[in-house]
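The values are calculated or read from the model by the stated rules, or taken from the named source; none is laboratory data. These numbers come from a predicted model, not from an experiment. Positions of Cβ are backbone-derived with ideal geometry, glycine not excepted, and every protein chain shown enters the neighbour counts. Surface accessibility is based on the protein's heavy atoms, side chains included, excluding ligands, DNA and RNA. Shrake-Rupley method; radii C 1.70, N 1.55, O 1.52, S 1.80 Å.
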Amino acid sequence: MAILSIRVYPDPVLRERAAEVTDFGVETQMFFENMIETMREADGVGLAAPQVGVSKRILVASPAGKKGTALVIVNPVLREGIGTEIAQEGCLSFPGLYADIVRFKKIRLEFQDRAGKPRETELRDFFARVVQHELDHLNAVLMIDRIEFNKRQEWAESFKKAPSRPG
Ligand SMILES: [Zn+2]
């Protein structure tokens with residue numbers, strides 16, 4: 001196994017839409033292991049393949065940190081999002097940046113497991129948040145894009161609260 005180097009913004013690979021995975025052979029299996037090891041080494045709870053310079057639709061997640069089991073999620077598709085929640089997030093590609101981000105509270109996800117077998121699952125709370133963050137990476141969406149969105153929401157809210165003025 002090997003520790004992969006984590007790409008930091010503004011590395012252009014972070015702005016590429018990742019490609020579907022069709023091969024689940026030995027090299028891909030080794031890559032899954034390397035991603036898990038890299039995530040753990042960096043004390044992360046999630047990692048997307050573009051973050052290690054590989055533009056493929058693969059993410060690993062370990063919401064319980066180093067102690068928990070790491071899940072490999074390939075070719076994920078968000079089928080449904082229920083409710084929203086704001087919480088603070090960080091990103092291994094933006095060291096030191098933390099921001100409040102809006103995410104679905106509960107999601108229904110279709111994906112392939114590490115063997116390529118189709119799966120469907122429901123995730124909630126922190127696990128759902130981690131997967132949504134990593135899924136964004138596969139679509140070249142970064143935390144800073146979401147921050148701007150949140151700020152727009154805040155402005156919209158404060159505008160609504162402002163007293164109405166005649167004329
Ligand atoms: Zn990230």
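Residue count for segment 79-96 satisfying the condition of being within 14 Å of the ligand (Cβ to nearest atom) and surrounded by 13 or more Cβ atoms within 10 Å (Cβ to Cβ): 6.
Residues are listed down the side, and each one gets a yes or a no for (1) at pLDDT 95 or above; (2) closer than 19 Å to MET1 by Cα; (3) within 14 Å of the ligand (Cβ to nearest atom):
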residue	(1), (2), (3)
ASN34	yes, yes, no
THR38	yes, yes, yes
LEU47	yes, yes, yes
PRO50	yes, yes, yes
THR69	no, yes, no
VAL77	yes, no, no
TYR98	no, no, yes
ARG103	yes, no, yes
GLN112	yes, no, no
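Looking at the structure I just gave you, is ILE3 open to solvent by 10 Å² or more (accessible area, probe 1.4 Å), of a type in the set (A, V, I, L, M) and at pLDDT 95 or above? Answer is yes for this residue.
Mind listing just one residue for me: the one in segment 56-76 that is open to solvent by less than 30 Å² (accessible area, probe 1.4 Å) and among the small types (Gly, Ala, Ser) and, of those, farthest from the chain's Cα centre (by Cα)?
Looking at residues that are open to solvent by less than 30 Å² (accessible area, probe 1.4 Å) and among the small types (Gly, Ala, Ser), I get GLY68.
Restricting attention to segment 56-79, the residues that are within 15 Å of HIS133 (Cα to Cα) and either assigned to a strand (DSSP E or B) or acidic (Asp, Glu) (or both) add up to 12. Condition check for ARG17 on (1) farther than 19 Å from ASP145 by Cα; (2) open to solvent by 40 Å² or more (accessible area, probe 1.4 Å); (3) modelled with pLDDT of 95 or more: one failure, at (1). With respect to the conditions (1) touching a helix residue (DSSP H, G or I) at 6+ places or on another chain (Cβ under 6 Å); (2) open to solvent by 30 Å² or more (accessible area, probe 1.4 Å); (3) among the β-branched types (Val, Ile, Thr), ILE101 falls short on a single one, namely (2). Do the conditions hold for PHE24, that is, is it buried (at least 17 other Cβ atoms within 10 Å of the Cβ), in contact (Cβ under 8 Å) with a residue 12 or more places away in the chain and either over 14 Å from the mean Cα position of the chain (by Cα) or over 18 Å from PHE111 (Cα atoms) (or both)? No, not satisfied. Taking segment 119-139 as the range and being free of Cβ contacts under 8 Å to residues at least 60 places away in the same chain and either farther than 25 Å from THR38 by Cα or polar (S, T, N, Q) (or both) as the test, the residues that pass are GLU120, THR121, GLU122, GLN132.
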